[in-house]
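The next block holds one structure in the form of structure tokens; read it before the comments.
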Amino acid sequence: MTYKFDFGALFPYWEQFLHGCWLSLWMATISVTIGLTLGLLTVLGRRSAIAPVRLAATSYVEIIRNTPFLVQVLLIFFGLPSLGISLQPWTAAVLALSLNLGAFSAEIIRGGIDVVPRGQFEAGAALGLSPLQTFRFIVLKPALRTIFPALSGQFILLLLTTSIVSSISAEELTSVAQSVDSATFRSFEVYIVATLLYFAMSMIFSTVFKAINRVYFSYPAK
């Protein structure tokens, strides 16, 4: 039995594929923005002098990092209605992605801050800078230099992870591919195209992030 490829059957749906790419990028961008904010707050929480706050921040990180993302999505979308909280698929997807990234980014940010020598903080205090000024002017760039590659990798990983939220009918590239598959019955071709689109987006952002890292965070050549 020989299979005859027919990518021409997908040409009428190219706008839908591009719209799916846009939805995935938009979902990832919103989730990263919320997730990084949550990650930074979690880092502050883990450094808090208040024990319950430290416990809550640590528990959040450990629970998210040690459970499957798919289970997290299903819990938010199908579980919360039992508590009287019903979310639209897209909203539930963004919430799940944000919570997931928040936990992982918290560990990345914490690691970046921990590698900054303690003397940097002491130098800021000696200069009369407030803790916020010390963090902004002395600690931030060295920490960013350390964590930027990992954070950029998390964005790409999150972009690919958006495909999982099709399980709750959240609209993005994979859900668009499923719709096109249902209309054309060309499953092999549809998912080859979807794979290539995910690959193209990942490579584009990887190249952009490497350029940013080279321009803004590389050490000066000696």
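The values are calculated or read from the model by the stated rules, or taken from the named source; none is laboratory data. Note that the structure is predicted; figures quoted are calculated from it, not measured. Cβ placement follows ideal geometry from the backbone for every residue including glycine, while neighbour counts extend to all protein chains displayed.
Data overview
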{"read-out": "Residue check for residue 182: more than 19 Å from residue 213 (Cα to Cα), in a helix (DSSP H, G or I) and touching a helix residue (DSSP H, G or I) at 6+ places or on another chain (Cβ under 7 Å)", "value": "no"}
{"read-out": "Checklist (1) exposed (fewer than 14 other Cβ atoms within 10 Å of the Cβ); (2) assigned to a helix (DSSP H, G or I) applied to residue 134, failing item", "value": "(1)"}
{"read-out": "Condition met for residue 31 (among the hydroxyl-bearing types (Ser, Thr, Tyr) and assigned to a loop (DSSP other than H, G, I, E, B))", "value": "no"}
{"read-out": "Considering residues of segment 86-122 that are charged (D, E, K, R) and out of contact with any helix residue (DSSP H, G or I) (no Cβ under 6 Å at 6 or more places or on another chain) only, the residue surrounded by the most Cβ atoms within 10 Å (Cβ to Cβ)", "value": "107"}
{"read-out": "Search result, residues across segment 99-155 that are touching a Gly at 6+ places or on another chain (Cβ under 6 Å), at pLDDT below 85 and of a type in the set (S, T, N, Q)", "value": "134"}
{"read-out": "Test for residue 69: is it aromatic (Phe, Trp, Tyr) and farther than 25 Å from residue 203 by Cα", "value": "no"}
{"read-out": "Residue match in segment 149-170 (condition: over 30 Å from residue 14 (Cβ atoms) and surrounded by fewer than 18 Cβ atoms within 10 Å (Cβ to Cβ))", "value": "yes"}
{"read-out": "Residue among 177, 183 that alone is surrounded by 15 or more Cβ atoms within 10 Å (Cβ to Cβ), within 30 Å of residue 76 (Cβ to Cβ) and touching a residue at least 40 places away in the same chain (Cβ under 8 Å)", "value": "177"}
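For every residue, the table says whether it meets (1) free of Cβ contacts under 8 Å to residues at least 24 places away in the same chain; (2) more than 22 Å from residue 140 (Cα to Cα); (3) among the acidic types (Asp, Glu).
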residue: 4; (1), (2), (3): yes, yes, no
residue: 16; (1), (2), (3): no, yes, no
residue: 42; (1), (2), (3): no, no, no
residue: 77; (1), (2), (3): no, yes, no
residue: 96; (1), (2), (3): no, yes, no
